[in-house]
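Written below as C-alpha cells is the structure these notes are about.
The values are calculated or read from the model by the stated rules, or taken from the named source; none is laboratory data. The model shown is predicted, which means the values in this text are computed figures rather than measured ones. Note that we place each Cβ from the backbone using ideal geometry, even for glycine, and neighbour counts take in every protein chain shown.
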Amino acid sequence: MARGQELTLLARGLGLFLIGLLAVTLAVPATRAIGPGPSTVNLSPSFLLLSNWVNTSFLVFTGIPIPNASVNGLSNYEPTVANFYVGPLGLLPITMKFETGFSARAFLGVNNSIIIYNNYGELQLLAPPYSNLLLALVSSKAPFTVYVNFSTESSVSLNGDIARIFMHRYNFYVELCSNDSLSALHDINYTLISVNVSKGTSYIGLSLNSSCSSNVKEIINYNELKVNSWLFRSKRPVGLNSNSLAREYYISLLILKDDQNPYLGTFAASPSPLYLYSWVRDSSFAAMALQESGHLDSALKYWLWLLNATQYKSGVWFTRYDFYNGEPDQSFGIPELDSVGIVEVGIYQYFLLTHNITFLETMLPLINRSVDAQLSWILNSKFHLVPEDLSVWEDRLGYHFWTQAFNLIGLLDSAHLLSYLGYNVSRIYYAASLLNESIYEYFWNGSAFYSDLSPVVLYTPSGSKTALNPQPPLISSSALLPLSFNVTLWPQDVVRENVHTILEGLWNGKVGGLARFYGDDYHYNEDLFDSSGPMPPWIITTLFLGLYYSDTGNYTAALSLMTWAYDHSQNGLLPEAIDPNTGLPLPTTSPLTWSSAMYIILALSIKPKAANNNIIYYAVSAIALAAVLLVAYLLQRASARRIRSLEVT
C-alpha cells in the first residue's frame, strides 16, 4: 500500500473514531432513580439448581430477596423448591414451600447441598447423586409449616409419617416422609401436604417413583461418598496457590454439573428463571470446561444432544433452547453465528483429549453441516466474511470480530479433524485464509480490533460501492477470548496492542474488572435493572483477560484476576456481573454457568513449567483438595449429629 493511501486511511479511521466516540458518549444512559443496586444480602444467591446427575433436577429459590424484583420480571419467594423435572417425563407440577420468611444467607456447599439461614434457623437441601430423593434437613428455633403442593389430578394416602401421592396424568407417584406430623388437603385437581415442623431437628424426604427412606444418616453418608468420588475424579488445577481458589474450582464444577439437564445434556445459562435456557455458546464453553476437567461423560451428553438439536438452518443453531425440553426459542436473538465456530472448537478439543474415532465419526454430520455453511458464507461474500449476526452480546446486528474470529478458529479445527479422517481439506484452508486476511483488513485499526462493522453505501462520481465502517462502541472486551483460544494464529504484537487498548478503555478503576464495552447499560435499562450504574464489570470478560495472562506465562496476573472473581462472588458462586460502584454481585442472573466454566478453563490453563514448581504446585493442589473435602466431611458430620435423634433404630 502506498504511503499516501496509508495516510488517507489513517485520517478516515481517526474521523470515524471521533464520530463513534461522540455517538457512544451521547448514548450513555442518563442516571436512573429506580434503586441503589444490590445490597450485602445479595452476597448470597437467590436461585440454584440441584440435580441427581441422572434424570432429576430441582430449581431452588433460596429466599434471598432481589431488589426491584418486579421491575426485573422476577418475584421474591420464601425458600421454595420448584420445577421438579424428571426425564423423560418433563416438569412435574410440584412445589415445596418453607414458610420461614426471607433468608439472610445461602450458599452451595462442597457436598453439593444448598444451605440456607433465616430467622427460623438452618435449612439444608440435598439431591444425592444417582438417587430419586430430595432431602430437606431442618434445624429450627421455632415451629413453622412446609407446604408440598401437587397441582394435578391425584390420589393420596396417609400412613403415619408417610404420605403417598399418585399423579394420574403422569402415572407417577411421590412418597413424602418426615419425623414431624403430616396432614393432607385434597381436591380433584390438587393435593396439598402440610408438614408441621417442630422446634429442633427435622427432616422431610421426597422420593420420586420410589419408596421414601427415613434413614437420614445413611442418605447423608451416601451423598458424601458420591459427591466426593466425583470431585476426586476431576483434573487437579496444579497452578492454584490458595485453598480459596481451589475451593472455587470445585464449587464451579458442581455448578456446571447441577446446571446441566441430567437427562438431555443441555445447560441452563443460569438458575435464574430469566435464564433457564440453553444458549449454544454458553453451553459449549460449559462442556469444554467439563471435558478439560476430566468429566468427559458430561461433555459428551451435551455434544450428542447438539448433534440432533433442531437447527435454524443447515449448519446454524438457534441461539437458545429450552433447558427442560430442548426445543428452540424461535423468537430470540436470531441470527447468531458465533456458535458455529465455537462448537467446532469444542468438538476438536474433545477429540484431542480422547482420540476417540467413534466420537469423531458420530459428530461428522454436524461438522460437515457447519463447514458447508462457513464455506458458502466466506466464498460467496464480497468481503470474505461470515454474515452479519447479533454475536456474543446480542445487542446489535453487524459483522462482529468475535463471530469472525471464532469461525476462523473453528474452521481450522474442523480442517484438522477432517484431514485426520482422510478428507481433502484444501478448499477449507483456502476459505480460512480469505477469512483471516479479511479480519486483518477490516477489523484491525493498528491498536485494537474493532468490535463490529456495518455495511454502508458510498457514492462516488463513478458510481456507488458498499464498504464496511466500524460501529460504536468501537472496542469490546469480547475481542480478548478468541486471541487466547488459538495463540499461534495471531501475531503477538497485535495481541499485546489489543489487550492494552481494551484495558485502557474498559477496566473499572473503582472496583476492578472489565466492562463489556463503553456505554453498556445491560442491568441498567428496561430489560434488567439491578445495577446502580452503567458498564458493570463482568466475570467472564475479566477471566478472558486472565486467560491471556496465563497463555503468556504471567501466572501472577492470572491468579490475581481469579482472586478478584472469587472476592466478588456470592459465597463462592460466580455471578454474571458486579455493580460498577459497590462491587456487589448483580443478583438477577447469578450464578452464571459461563462464569463458572471460564473459571475452570482458566484454572486448568495455569501450568508452571519448572519441574520443581510442578512438584510444589501438585503438593499445594493436593492439600487444597484435601482441605476442600475435609470441609465437606465436617459439614456432613455436623448435619449427621443434628439429625441423629431422627434415625430409625
Q: Please enumerate the residues belonging to segment 96-110 that are of a type outside the set (Asp, Glu), over 22 Å from the mean Cα position of the chain (by Cα) and outside any strand (DSSP E or B).
A: THR100, GLY101, PHE102
Q. Within the set of pairs 6+ apart or on separate chains, which have a first residue in segment 290-306 that is under 27 Å from VAL238 (Cβ atoms) and of a type in the set (Gly, Ala, Ser), a second that is assigned to a helix (DSSP H, G or I) and modelled with pLDDT under 95, and C-beta atoms under 9 Å apart?
A. none
Q. Going by the conditions given, is ARG496 in contact with a strand residue (DSSP E or B) (Cβ under 7 Å, 6 or more places away or on another chain), over 27 Å from SER242 (Cα atoms) and either of a type in the set (Lys, Arg) or free of Cβ contacts under 8 Å to residues at least 12 places away in the same chain (or both)?
A. no
(Q) Among (1) farther than 19 Å from GLY205 by Cβ; (2) outside any loop (DSSP other than H, G, I, E, B); (3) of a type in the set (D, E, K, R), there is one condition GLU78 misses while meeting the rest; what is its number? (A) (2)
Q | Lone qualifier among SER595, SER590 - being over 24 Å from ASN241 (Cα atoms) and in contact with a Ser or Thr (Cβ under 9 Å, 6 or more places away or on another chain) | A | SER590
Q: Identify, by number, the condition in (1) of a type in the set (Phe, Trp, Tyr); (2) surrounded by 21 or more Cβ atoms within 10 Å (Cβ to Cβ); (3) over 19 Å from GLU504 (Cβ atoms) that TYR566 doesn't meet.
A: (2)
Q: Inspect segment 82-95 for any residue being under 24 Å from the mean Cα position of the chain (by Cα) and part of a loop (DSSP other than H, G, I, E, B) and give the result as yes or no.
A: yes
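Out of all the residues in segment 153-181, which are without any contact (Cβ under 8 Å) to a residue 60 or more places away in the chain, farther than 28 Å from TYR117 by Cα and not small (Gly, Ala, Ser)?
Residues satisfying the conditions are GLU153, VAL156, LEU158, ASN159, ARG164, ILE165, PHE166, HIS168, ARG169, ASN171, TYR173.
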Q: Those residues that are surrounded by fewer than 14 Cβ atoms within 10 Å (Cβ to Cβ), part of a loop (DSSP other than H, G, I, E, B), of a type outside the set (Asp, Glu) and out of contact with any strand residue (DSSP E or B) (no Cβ under 6 Å at 6 or more places or on another chain), I need them from segment 305-355; list them, please.
A: SER314, GLN330, SER331, HIS355
Q) Pick from THR501, THR460: which is assigned by TED's automatic domain parsing to the domain that holds ALA432 and of a type in the set (Val, Ile, Thr)? A) THR460
Q) Which residues, counting only those in segment 438-469, are closer than 19 Å to ASP389 by Cβ, among the polar types (S, T, N, Q) and either part of a loop (DSSP other than H, G, I, E, B) or out of contact with any Leu (no Cβ under 9 Å at 6 or more places or on another chain) (or both)? A) SER451
Q | Total residues in segment 142-161, condition surrounded by 15 or more Cβ atoms within 10 Å (Cβ to Cβ), among the hydroxyl-bearing types (Ser, Thr, Tyr) and not in a strand (DSSP E or B) | A | 1
